[in-house]
1. Identify all residues within segment 76-98 that are in contact (Cβ under 8 Å) with a residue 12 or more places away in the chain and either in a helix (DSSP H, G or I) or surrounded by 13 or more Cβ atoms within 10 Å (Cβ to Cβ) (or both); write none if there are none.
2. When residue 73 is evaluated against the numbered criteria (1) under 26 Å from residue 194 (Cβ atoms); (2) touching a residue at least 24 places away in the same chain (Cβ under 8 Å); (3) hydrophobic (A, V, I, L, M, F, W, C); (4) not in a loop (DSSP other than H, G, I, E, B), which criterion, by number, is the only one it fails?
3. How many of the residues making up segment 99-127 are closer than 19 Å to residue 145 by Cβ and part of a helix (DSSP H, G or I)?
4. Quick check on residue 196: is it at pLDDT below 95, part of a helix (DSSP H, G or I), out of contact with any Leu (no Cβ under 6 Å at 6 or more places or on another chain) and more than 18 Å from residue 105 (Cβ to Cβ)?
5. Among the residues of segment 128-161, write down those that are assigned to a helix (DSSP H, G or I) and surrounded by 24 or more Cβ atoms within 10 Å (Cβ to Cβ).
6. Would you check which residues across segment 48-75 are farther than 16 Å from residue 30 by Cβ and among the charged types (D, E, K, R) and list them?
7. Output the residues belonging to segment 165-202 that are charged (D, E, K, R) and crowded, with 20+ Cβ neighbours inside 10 Å.
Amino acid sequence: DETTSVDAAKRVLEKSGGILISIENKRERLVSFEKNSRQYRFDPNRMFTKKGAAASLEKNSTHSSVEIVETVLGFGQFILDKIPKAAVTLVALHNNDEGRLSINSYYPGGENAMDVEEASRKKGQDPDNFFFTTDSSLYRQLKAGYNTVLQQNDKARDDGSLSVYYGQRNKSYVNVEAEHGQTREQEEMIRQLVSLLETGKR
């Protein structure tokens, strides 16, 4: 359902090159499937660890099992296998709705504050638009110009997300988060990040 991020990424990749991995799911957030005559649903950003996949199935389905958790983990691995082995930093793209997830969610009192090592707000910027990274070097670079969050990799809650999966492995990950409809703003954020990665200023 995160069409703004896909549109923004395509515009950048037309000039910079790269690979865009997108799950086509009829603009629905949750992925649905049938197995053994039962229906199951899960969040595709909660399928990269066993704990996260199990929790997502429990939340969104009426039934689950070890076999079904393994099925979801298998789909997560299928996506991970699409990522080039040579990739140094994985760039993820997400969209949010006005007034829900924002940079403020990661400050004391926010619902995600416990997962954060550091967070930096930029005055005058839309709080719905921010970077979220596992990489302390990238954090220092990005926070100079944007709202930015650094995940606490060794203590972040295991929700099965890609940031947790990468954080557990001490791998470089950065999410470009922007409000639905703000294609131009997200495009500019992606473009600045790509430029930073290409010049090696990390």
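The values are calculated or read from the model by the stated rules, or taken from the named source; none is laboratory data. The model shown is predicted, which means the values in this text are computed figures rather than measured ones. Cβ atoms come from the backbone with ideal geometry, glycine included; neighbour counts cover every protein chain shown.
1. Residues of segment 76-98 that are in contact (Cβ under 8 Å) with a residue 12 or more places away in the chain, as a first pass: 76, 79-80, 82-84, 88-98.
The answer is 76, 79, 80, 89, 90, 91, 92, 93, 94, 95, 96.
2. Among (1) under 26 Å from residue 194 (Cβ atoms); (2) touching a residue at least 24 places away in the same chain (Cβ under 8 Å); (3) hydrophobic (A, V, I, L, M, F, W, C); (4) not in a loop (DSSP other than H, G, I, E, B), residue 73 violates only (1).
3. 3
4. On the way: at pLDDT below 95: yes; part of a helix (DSSP H, G or I): yes; out of contact with any Leu (no Cβ under 6 Å at 6 or more places or on another chain): yes; more than 18 Å from residue 105 (Cβ to Cβ): yes.
Yes: the conditions hold for residue 196.
5. Quick first cut of segment 128-161, residues assigned to a helix (DSSP H, G or I) only: 136-142.
Once the filter is applied, which keeps residues that are assigned to a helix (DSSP H, G or I) and surrounded by 24 or more Cβ atoms within 10 Å (Cβ to Cβ), segment 128-161 yields only 142.
6. 50, 51, 67, 70
7. Filtering segment 165-202 for residues charged (D, E, K, R) gives 169, 171, 177, 179, 184-185, 187-188, 191, 198, 201-202.
Matches in segment 165-202: 177, 179, 187.
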